[in-house]
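Written out below as C-alpha cells is the structure these notes cover.
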Amino acid sequence: MPAGRTAAAATAGILTRADGATIAYERRSGKNPGVVFLHGLRSDMTGGKAQAVEAWCRRHGHACLRLDVRGHGQSSGRFEEGCIGQWAADVVAALDALTEGPQVLVGSSMGGWLMLLAALERPHRVAGLLGLAAAPDFTEELIYQRFTPEQKRALLVAGQVVIDEDEGLPPLPVSRLLIEDGRQQLLLQDRINISCPVRLIHGQRDASVPWQTALRLAEQLASDDVEVTLVKAGGHRLSEAADLVRMERVLERLLHSVAQGGMGG
C-alpha cells in the first residue's frame, strides 16, 4: 500500500440466509481482485491459513472476506445437519451479498471442494482459484468407500455413523444426509467446466487427502491455466511457517495473473 495509508479495519458481521440461518463473516475493504477464504471440515475462519490470507490482503491492499459456513465456527446450525450442497450455497450467498467484482477463492481441504462448486455457480464472479489440499468428493471416496458393511448398514438404519479420525479431534459424526448430498456434488469423474486460472498446493505426506487428488483435479479442469505444487514433506494442514510463505507467494502470483489477464472465460 502507498506510504501514509492505513489499511481499513476488518468488519465482523452476520449474513442471514432466506431460511433463517446466520453466516458469520469478517470482511475487509480493498482493491480487486478480492480474496475469499473458505475453511475446511470442522474448521472456521479463525484458522492459521485464513488469518495469514487476511494479513496478506491487509498488507497489499486487497479486499478480503472470510466466513464460517453453517454448523461451523460462529455461524448458526449444527454440524450434523449440514452437507456439501448447503455449505456451497452459503459460499455463493456470501459471494453475492458481501463482495463486488472479480474474486479469487482460496479453499482449504473441504473448502477446496466448495470453491469449485461456487466457481461453477458464479463463473462471471470467480476469477481464480487456489486450493490447499483441496478435497473434492471426499464424502464418497474418503469416507463412505472406506466404511465397513456394518457401518454402511448403520448409516441407513440410524442415519448417522460416528468415526474416529485419530488426529486429536473429537469423533466425526457422519450423517446420511452428508453422504447422499455429497453424491450430488461429485466432480472428479467428469470434465469440470471451470476455465479460470487454478493453483493447487498439496503435501505428499497428507494422511487425510491423497496428493494424487490434486493431479486428478488438474486433469479434469477445463482450464489450461492450472499449476500443481507438490510439497514432499507437507502434511494435510499445510500450516507451518514455510507452508504459509509458499501459499502467500502462489496467491500473489495468481492475483497478478488475474489482474493482468482479466476474468477467466
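Is the C-alpha gyration tensor of the stretch 55-191 telling us rounded, prolate or oblate? Criteria: a/c under 1.5 is rounded; beyond that, a/b larger than b/c is prolate, otherwise oblate. Before the final figure, lay out the partial values.
Values: a/c = 2.15, a/b = 1.84, b/c = 1.16.
Note, shape of the stretch 55-191 comes out prolate.
Put simply, the amide H of Asp206, placed in the peptide plane, has neighbours under 5 Å in Trp211, leaving out anything fewer than 5 places away on its chain.
Most tightly packed first, judged by the mean number of other beta-carbon atoms within 10 Å of their residues, the peptides 209-217, 135-143 read 135-143, 209-217. Along the axis of the charge dipole computed for the chain (Cβ charges of +1 for Lys and Arg, -1 for Asp and Glu, origin at the Cα centre), the listed residues Gly71, Leu156, Val250 are led at the positive end by Val250.
Cys residues of the chain that find no other Cys beta carbon under 4.7 Å: Cys83, Cys196. For the chain, the relative contact order is 16 percent, taking Cα pairs closer than 8 Å that sit 6 or more residues apart in sequence and dividing their mean separation by the residue count. Remark: the chain projects, on average over all directions, an area of 13.9 nm² (convex hull of Cα atoms).
Helix 48-60 axis versus longest C-alpha principal axis of the chain: approximately 10°, rounded to the nearest ten.
With both bridge residues required to lie in the stretch 160-230, what share of the DSSP beta bridges run antiparallel, to the nearest 5%? Taking every DSSP beta bridge within the stretch 160-230, about 40 percent pair in antiparallel fashion.
Within the stretch 138-264, the ratio Rg/Rh, alpha carbon atoms throughout and Rh by Kirkwood, equals 1.04. Each residue in Leu230, Leu169 was given a count of other beta-carbon atoms within 10 angstrom of its own, and listing them fewest first yields Leu169, Leu230.
Here, each number is a calculation from the coordinates, and none is a lab measurement. Worth saying up front: this structure is predicted, and the values here are computed from it rather than measured. Cβ: placed from backbone, ideal geometry, glycine included. Neighbour counts: every protein chain shown.
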